[in-house]
1. Once both labels are modelled 7 Å past Cα along the beta-carbon direction, what's the Ser192-Arg8 spacing in nm?
2. Residue by residue through region 115-120, which ³J(HN,Hα) values in whole Hz follow from phi under the Karplus form 6.51 cos²θ - 1.76 cosθ + 1.60 (θ = phi - 60°), with glycine and proline marked x?
3. Check Phe69: other-chain or 5+ apart residues with amide H under 5 Å from its amide H, H built from backbone geometry?
4. Starting from 0.36 nm per residue, how many nanometres of slack lie between Asn106 and Leu228 once their C-alpha separation is accounted for?
5. Could you pull out every residue, at least 5 positions away or on a different chain, whose amide H is within less than 5 Å of the one on Asp190? Hs are placed 1.01 Å off N in the peptide plane, and Pro or chain starts have none.
6. Taking θ as phi - 60°, what are the ³J(HN,Hα) couplings along region 123-128 by the Karplus curve (6.51, -1.76, 1.60), each to the nearest whole Hz, with x for Gly and Pro?
7. Once you have the Cα-Cα distance between Asn77 and Thr94, take 0.36 nm times their residue separation minus that, and quote the gain in nm to one decimal.
8. What FRET efficiency comes out for Gln238 versus Ser115 if R0 is 25 angstrom and r is the Cβ-Cβ distance? Round to the nearest 0.05.
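None of the figures in this text is laboratory data; all of them are computed from the coordinates on show. Bear in mind the structure is a predicted one, so any value in this text is a computation, not a measurement. Glycine also receives a Cβ, built like all others from the backbone with ideal geometry; neighbour counts cover every protein chain displayed.
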Amino acid sequence: MVAMVIARPLWTQWKASQKASAASSGETSKIISAATNNAAWGNLQYIQFNLDPPADASVRSAPAVPALFVFLLASKNSDLNSLLQYWGRGGRETLIRPLLKSLTHNPEPATLNISHLLPPLARVKLYTFPKADEEPDGSGRDSFWGALNFFSDTPAPPPLDRAAALQRLATEYREELGPKRLGDVLLIKDKSGQPLHCCVHIADAVVFTRSGPEPGAPWVLMKFPDLLAKFEPESSLQITTLRSKRLP
């Protein structure tokens, strides 16, 4: 078999953890039963803060965005060099070789959470929320900051204003029309060409970003179509793939 990426909704993990819990009852049980495996709750914030305790205990821990756990599935038949070339971009081949080598030397197909293969910034920020004391209005470490610093060992200190971010994208990146690779930046613009958001391509349709334009949005892995759905009207959006000029 060849290596492949498996995406598992964070929602599924949470839902499974609730099956053994008897804390959910009444209105909470109805809400949980009505939810689907990969759906984000449109009224989750209302639900979380308006149900009477203790019935809302399990709901308060529910993921509010369609985030993913992503795994790399590989076996002894997988091409180690190809895996290193893809996941080791940014000069990290030596760092991740032991992990990938262990997968390809395993007699049975094995999985690895790809968070272990990501550069330092993404690995540290993944599944976390912005700290209020560091960026009270959410303007510092936004999606542009995350994309521009994806491969950085020492990320630039925020705030990095939007104008400065766009200037860096214009001078340090080039448009890429071929197949996407790890670390490529997907720039989302409205129909007039105004930049709205950006994210980092991971694999297949999975991207790393803050889950939306809201100041309190967490850093997650999510499907690119789910991210686009946060912007209206989705059909008028312009998507540009950019690649750092320092990378092949």
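1. Spacing of the two 7 Å Cα→Cβ label points: 4.5 nm.
2. Residue by residue, region 115-120 yields 4, 6, 9, 7, x, x Hz.
3. Arg8, Leu10
4. Result for the pair: 40.1 nm of gain on full extension.
5. Leu196, Gln238
6. Those phi angles translate into 5, 7, 7, 4, 6, 10 Hz.
7. 4.0 nm
8. 0.25
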